[in-house]
Every structure is written in C-alpha cells, then in structure tokens.
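Peer 1: Quick one: this structure, given as structure tokens, is what I'll be asking you about.
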Amino acid sequence: MNESASDQPSEGASAALERYRAQLQSIDQDQEALQIKDRQFSKVRAILFLVSLAFLVVGYGFDGLPYVGWFGWGAMALFLVAVTANEPVREKLEELGRHRSVVRRLVARLERDWDRLSTKASAKSLAEIELPGHRRDVASDLDLLGNASLFHLVSMAATTPGIRTLANWLAGPAEENDAKQRWIAVNALAPLRDERLRFYTLARQVADSSGDPENFIQWATGPAWLAKRNWLVLWSNASAALAGIFLLLTVVSGFGLLTAQVFIGSLIAMGCLIAINMGLTTLMLGPAHAIFAIAMANRRAVSDYEEIFSSAEWLPNSEQDSKQKFLTQIRDRMLKNDRSAQVGMRALQKVAAAGGLRQSAGTFLIYLPLQGLTLWDVRVLKRLENWQAEYASDVPGWFEALGELESLISVAAVRDEYPSWSQPEWVSASDSPVIAATGIGHPLLADGSRVCNDVQVGPPGTILLVTGSNMSGKSTMLRSVGLNVALAAVGAPVCAKTFCLPSTELATSIRVSDNVAEGVSFYMAELKRLKSVVDHAREMSRSNDRVCLFLLDEILQGTNSRERQIAVVQVLRHLMDYQSIGAISTHDLELADEPELQSVGHAVHFRETIRPDASGNEQMTFDYRMREGVSPTTNALRLLEMVGLGEKADQTNKSG
C-alpha cells in the first residue's frame, strides 16, 4: 500500500484566503465611508424636522404670522426629501453587510471554522430536509449534513431551494451521467468569481427577507384570497368612483360654483368614505397584508428575485459550449420564453411598485389617501392574483432551477479554491467495479493536518479489512472514501490525487446508538442498521448501472468475541452475495484472523508509536499511514495506563 505525504495548505486555498481577506478590508472601508454619510443624513433629518416643527408651531400658534407656517411645510418637504435620499445609503449599507457576511463565510470554509459556519438558520433548514431512512443514516455516519459537515464545507447556498437541492445531491447516489454534467457546469462557473460573489449576496438577500422562496411558491400555487371575497373588488371600484365624484364636487364648490352646503357635504362624505375604508383595512385586510409580506416582502424583494433569475444571463449556454446541457436547461427556465422566471418577475415588479407605496417613508403619505379613498390594497391584491393565475404552474420550475444553480455555484467555489484536488474518473459499474484512489484524504480536515493514503475498495467478492488500534485512523479512512464519493456526486473535485469510481450508492454503519425510550439496546440498534445495509445491497443488486458501497466501522461490538466473529462473517457473506463492494474496520485481531474473512479480505492497518518524552512519561503518537497487512499492535491497555486507570496506577493508589 503506497503512502502519500501529508497535504500542506494548497497554493490555491492560500491564494483564495488572501483574496477574501483583501475583499473584507475593502468592504470595511466602504462601510465606514457610508456610515459617515448616513450619520450626516441623520443630523440633517433631525435639524429639518425640528425646524419644521418650530415654524409650524409659531405659524399656527400665534396670530399675525400666517406665512411662517409655509416655511414649516417647506422644511417638512425637505425632511421627506432627506429621508428618501437617505434610504439608498442605508440599503447600500445593508447590502455591504450581506456581502461581508458572504466573504466571511468563504473564509470560514477554508479555515474549517465550523462554529461560524453552523448557524441556527442553516440548522433549521437542514433539519427540515426529508431523506429516505438509509440516506439519513449515511448522512449521519459520514457527516454529510449537520454541524462540521461536508455540506458546510461545500455550501454557499442561502435560499431554501438551494439548501435542499445541495443536501439531496450530497446524500443521494453518485451517478455518472448527472455527476459529469454537474462537473462540466461547475468547471465553467469556477472562474466567474465576481459573478459568483454577487449571486451569493443576492441569494442571502432573498433568504433574509420574509419573502422566502418556499413561502412564495406556496402562495403562488395556492388559492386566490379574493376569489371568495369579490365584493371587496366591487367596493374598491365603487369607492374610487365615489371618491372622484366627491373630490370634483369639493373643488368645484371651493371655487364658488356650487353652494357651501355642497362643499361641506362633500367633505363629510369623503370623511365617511375614508372611515369605512380604514375600518375595512383594519378588520378585513390582515390576510391581504400577509400575502404582500410573502409575494413582495419589501420594496427590494421582487427586484431581488428578478435580479437573481436574470443572473442566468452570464451563464454559458450550449451555443457557446455544446457540452453545457445542464446550465442551458437552467438558463432556459430562467430566461428563454414569455413564461420564464425573468419575464414573470418583471411583471410582478410592476405590481410590487404599486404595492410598495405603503412600505416607504417617502411615499407613505401618498398611500394613505389612496387607501382611504380607493381601498388601494384591494386593487393591488387583485393585480397580484391576476399574476398568480397566469404564472402559478411555472413558479415551482423557476425555483427548482434556482436551487440547482445555487448548488452548482456553491460547488464552483470549491473547484476554484482547491485546484490541486482532482477530477474524479468514472468506470463501468457492470464490469468488476472498484473504487481506487491515490493520495486520498479527509476533506473536512484542515489542509495542514490532513494525511493522505492510497486505497482500493473492490472488486465484488473482496473486502477491504482495515485493522489498527484505537484512534489510529481507521474510521477516518472509511469516511474519507465515503465523503469523496459524495463530492464526486455533486460535480466537485475530490480530495485525492486520483479517484476512480463507478456509479455508486452508499450504505454505512459507523455511528450507531441505542434508544432507551424505545427499549432498543445497542446490539439491537446495530443489527437493525446492518439489516438496512444488507437490504439496500439486495435492492442495488437488481441494478446493473450502480454498485452498492458499504462502509462498516467496528460493527457488532455489543456481543461476545466469538459470536461477533460468526455474525460479522454472516453479514459480509450477504453483502458479497449481492455483488457489493466495501470496507470494514476493526481493532479485533481475532476477527481479522477469521479464515473465511482472510480468504476474501485485503488487510491493511494503521499503527501507533509510543516513545518516552523528556520527563520519561510515555507518549503515544499516530502517523495515520495505512500499511499492508493486519495490525501487529493494540493499545487499549496502554491508553488505560496513560489516563491513570491501569494496574500500575491501581497499585500505586493502594500502596498510598
């Protein structure tokens, strides 16, 4: 078994870290400049508001100074202008904050800062993803999802569709055709650094708003709220007509063309109309406002959707590259025809412009009379539901494409940052399939501490038997193989010099626990997990296009040694009968000596080295190198001594 040197931080990863840190410094400088401008606007707004208030009080509070009030209204108008001018500055500050958060995440991935990567929002999104039983077990065993996982290393996804798509790709099968198409797409996206950063920031902006795509899809494909309340539409139209009549009468009578009674009566009628509409707003339109919060959460939400779908314009297509089938399909759903996401969001943006009057301090004074006189929200909601009726069937496909694009752009960062990681090579699953790697390492380990080895799993009828003492690296090797299979599946480069694999589905038993609440012992929990592995292997044996790869770590520890050996051999016999390939680790040297296992197993081992330190105390170290043959050493008793629980420590305590 050839050995490969420990990976040092790759030149690509180091260069990426320097680039991201420079971007953070630039963002901080821009933020500081905008914060100064924002503080200046705040002072101007405060001065204008106080001046306006003072002039209005003097103008209307003292006789003989009627014109002073006009200065007050002028100052108020300037205050509103300042508020409106200040909003873009604050929006830019928010955008820079999101951009900074994105770059900090890119840095955290390279530094393996899992605490910063594992947020409450991502944990909630991942917890809501439904996986079949065996895939959920594999995800847990190999740290595909959850804290300190492959997902957090790979993912820059922020929206729910992106998170769900990438998680399902990682936990799903590694299929050659899909993986190759993803690789081609990722390879094209990797050099587009500025576009990717803009996309990451946009996706975070969409996710941060209350108009999350999942809620948007549910609204767009759901029932129309006004369908059973059409009288509100009729009253809105009637209200607008009445308001026009009352305003006309008020203006005409104000010029003396009609009597004063008409003037007063018109004002009273408008007051009653406003009271009715504001009452309806308070009592009836709560659900309508909830729909606004989903469909057009804020003035920027729809434009963000439109921009994130329009980002497909910079994607390469099949005319530029005949191999780009996957990106072309995504591009078509986002841009191509009159029912594309871009067209639909531009149409929705026109509705959002009308609905956004109530969301801006600069236009709220326009919204109030429109709502009071015409029931403006109902008119906006009617236009919104007309849009819903036209595009409802297309919306799920738009966001499916968004999820796929967000996943590919996430993987593209890994491709860009780790140029030394290699492209996986695919072999036939029907012709004596093997997984063979040189210089394979655990991708979740820090670059400077990763130790790489050469390994081969398969062909069917053989088993890789990984032996060694506790903490020597056996489980890490199993996970290294499984994690790199998952990387290959999503179109990412693999953490290896070379990595050959067939189309593969994983089945694992590595991290098993008992369940006291359900009365399931550890041994029974292990048996159930192994039954799941065997069942999956049986199912996979009916398929010629994929092979089942099993990874079993220290299985059936909950029984005595002899029964364990018999049971393990029985389980492995089933797996070999179903033409699976796989590896099993153990520190039980008697199991490694089992004749039937020896006849089919290729034994390798990890070992420890024990040397005295300067004080004469024994120190145990591991080089994590995989060597041929069965392990010649064990270390359980030595570890017991080192932590103070061995015989020597017991004798010392008694003599003391």
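The values are calculated or read from the model by the stated rules, or taken from the named source; none is laboratory data. What you are looking at is a predicted structure, and each value in this text was computed from that prediction instead of being measured. In this analysis, Cβ positions are derived from the backbone assuming ideal geometry, glycine residues included, and neighbour counts consider all displayed protein chains.
Peer 1: Filter the stretch 76-104 down to residues that are touching a residue at least 60 places away in the same chain (Cβ under 8 Å) and among the basic types (Lys, Arg), then give me how many there are.
Peer 2: 3
Peer 1: Run THR250 past the list (1) surrounded by 15 or more Cβ atoms within 10 Å (Cβ to Cβ); (2) under 21 Å from VAL351 (Cα atoms); (3) touching a Phe, Trp or Tyr at 6+ places or on another chain (Cβ under 8 Å) and report the number of the one that doesn't hold.
Peer 2: In the conditions (1) surrounded by 15 or more Cβ atoms within 10 Å (Cβ to Cβ); (2) under 21 Å from VAL351 (Cα atoms); (3) touching a Phe, Trp or Tyr at 6+ places or on another chain (Cβ under 8 Å), THR250 misses (2) alone.
Peer 1: Of the numbered conditions (1) part of a loop (DSSP other than H, G, I, E, B); (2) out of contact with any Asp or Glu (no Cβ under 8 Å at 6 or more places or on another chain); (3) not hydroxyl-bearing (Ser, Thr, Tyr), ALA157 fails exactly one; give the number of that condition.
Peer 2: That leaves (2) as the condition not met.
Peer 1: Further question: Taking the conditions exactly as written (buried (at least 16 other Cβ atoms within 10 Å of the Cβ) and touching a Pro at 6+ places or on another chain (Cβ under 9 Å)), does ILE294 satisfy them or not?
Peer 2: no
Peer 1: Starting from the stretch 181-200, take each residue that is among the hydroxyl-bearing types (Ser, Thr, Tyr) and list its partners that are part of a helix (DSSP H, G or I) and surrounded by 22 or more Cβ atoms within 10 Å (Cβ to Cβ), counting only C-beta distances under 7 angstrom and pairs at least six apart or across chains.
Peer 2: What qualifies is TYR200/VAL102.
Peer 1: Take the conditions free of Cβ contacts under 8 Å to residues at least 24 places away in the same chain, surrounded by fewer than 20 Cβ atoms within 10 Å (Cβ to Cβ) and either within 28 Å of ILE27 (Cα to Cα) or in the same structural domain as LYS531 (by TED's automatic domain parsing) (or both) and apply them to LYS124. Does it pass?
Peer 2: No, not satisfied.
Peer 1: Which pairs turn up if I take residues in the stretch 607-629 that are within 23 Å of MET477 (Cβ to Cβ) and assigned by TED's automatic domain parsing to the domain that holds THR476 and look for partners that are at pLDDT below 75 and basic (Lys, Arg) with beta carbon separation below 7 Å, at least 6 apart in sequence or on another chain?
Peer 2: ILE610/ARG638; MET620/ARG638
Peer 1: Restricting the search to the stretch 552-601, which residues are among the polar types (S, T, N, Q), modelled with pLDDT under 85 and under 38 Å from the mean Cα position of the chain (by Cα)?
Peer 2: GLN557
Peer 1: Only one of THR476, THR504 is closer than 30 Å to ASP447 by Cα, among the β-branched types (Val, Ile, Thr) and modelled with pLDDT under 95. Can you tell me which?
Peer 2: THR476 is the lone residue from the list that is closer than 30 Å to ASP447 by Cα, among the β-branched types (Val, Ile, Thr) and modelled with pLDDT under 95.
Peer 1: Quick one: count up the residues across the stretch 182-194 that are farther than 22 Å from PRO433 by Cα, buried (at least 18 other Cβ atoms within 10 Å of the Cβ) and out of contact with any helix residue (DSSP H, G or I) (no Cβ under 8 Å at 6 or more places or on another chain).
Peer 2: Residues meeting the conditions: 0.
Peer 1: Which number in (1) surrounded by fewer than 18 Cβ atoms within 10 Å (Cβ to Cβ); (2) among the charged types (D, E, K, R); (3) assigned to a helix (DSSP H, G or I); (4) at pLDDT below 85 marks the one condition that ARG611 misses?
Peer 2: (3)
Peer 1: Looking at LEU117, is it closer than 26 Å to GLY172 by Cβ, surrounded by 14 or more Cβ atoms within 10 Å (Cβ to Cβ) and not assigned by TED's automatic domain parsing to the domain that holds ARG450?
Peer 2: yes
Peer 1: Can you find a residue in the stretch 507-526 that is surrounded by fewer than 24 Cβ atoms within 10 Å (Cβ to Cβ), within 32 Å of the chain's Cα centre (by Cα), assigned by TED's automatic domain parsing to the domain that holds GLN456 and of a type in the set (Ser, Thr, Tyr)?
Peer 2: Among the residues of the stretch 507-526, at least one is surrounded by fewer than 24 Cβ atoms within 10 Å (Cβ to Cβ), within 32 Å of the chain's Cα centre (by Cα), assigned by TED's automatic domain parsing to the domain that holds GLN456 and of a type in the set (Ser, Thr, Tyr), which makes the answer yes.
Peer 1: Could you list, in sequence order, all residues of the stretch 165-181 that are touching an Asp or Glu at 6+ places or on another chain (Cβ under 9 Å) and surrounded by fewer than 23 Cβ atoms within 10 Å (Cβ to Cβ)?
Peer 2: Matches in the stretch 165-181: GLY172, PRO173, GLU175, GLU176.
Peer 1: Could you list all residues from the stretch 314-331 that are modelled with pLDDT under 90 and charged (D, E, K, R)?
Peer 2: Passing the criteria: GLU319, ASP321, LYS323, LYS325.
Peer 1: Are any residues in the stretch 550-579 among the aliphatic types (A, V, I, L, M) and either closer than 25 Å to VAL485 by Cα or in contact (Cβ under 8 Å) with a residue 24 or more places away in the chain (or both), and if so, which ones?
Peer 2: LEU551, LEU552, ILE555, LEU556, VAL568, VAL569, VAL571, LEU572, LEU575, MET576
Peer 1: Identify, by number, the condition in (1) at pLDDT below 95; (2) in a helix (DSSP H, G or I); (3) touching a helix residue (DSSP H, G or I) at 6+ places or on another chain (Cβ under 7 Å) that GLY362 doesn't meet.
Peer 2: GLY362 satisfies every listed condition except (2).
Peer 1: Might you check whether a residue that is under 25 Å from ALA312 (Cβ atoms), touching a helix residue (DSSP H, G or I) at 6+ places or on another chain (Cβ under 8 Å) and part of a loop (DSSP other than H, G, I, E, B) occurs anywhere in the stretch 384-394?
Peer 2: Scanning the stretch 384-394 turns up at least one residue that is under 25 Å from ALA312 (Cβ atoms), touching a helix residue (DSSP H, G or I) at 6+ places or on another chain (Cβ under 8 Å) and part of a loop (DSSP other than H, G, I, E, B).
Peer 1: Okay, next question. Looking only at the stretch 15-46, filter to residues that are small (Gly, Ala, Ser) and in contact (Cβ under 8 Å) with a residue 40 or more places away in the chain; which one of those is farthest from ALA77 (Cα to Cα)?
Peer 2: The selected residue is ALA16.
Peer 1: Right, something else. Need the failing condition index for ILE184 against (1) closer than 27 Å to ILE510 by Cβ; (2) among the hydrophobic types (A, V, I, L, M, F, W, C); (3) in a helix (DSSP H, G or I), just the number.
Peer 2: (1)
Peer 1: Moving on to the next point. Could you list, in sequence order, the residues of the stretch 522-551 that are touching a Gly at 6+ places or on another chain (Cβ under 7 Å) and either assigned to a strand (DSSP E or B) or closer than 20 Å to ALA171 by Cβ (or both)?
Peer 2: Listed by number, the residues that qualify are SER532, LEU549, PHE550, LEU551.
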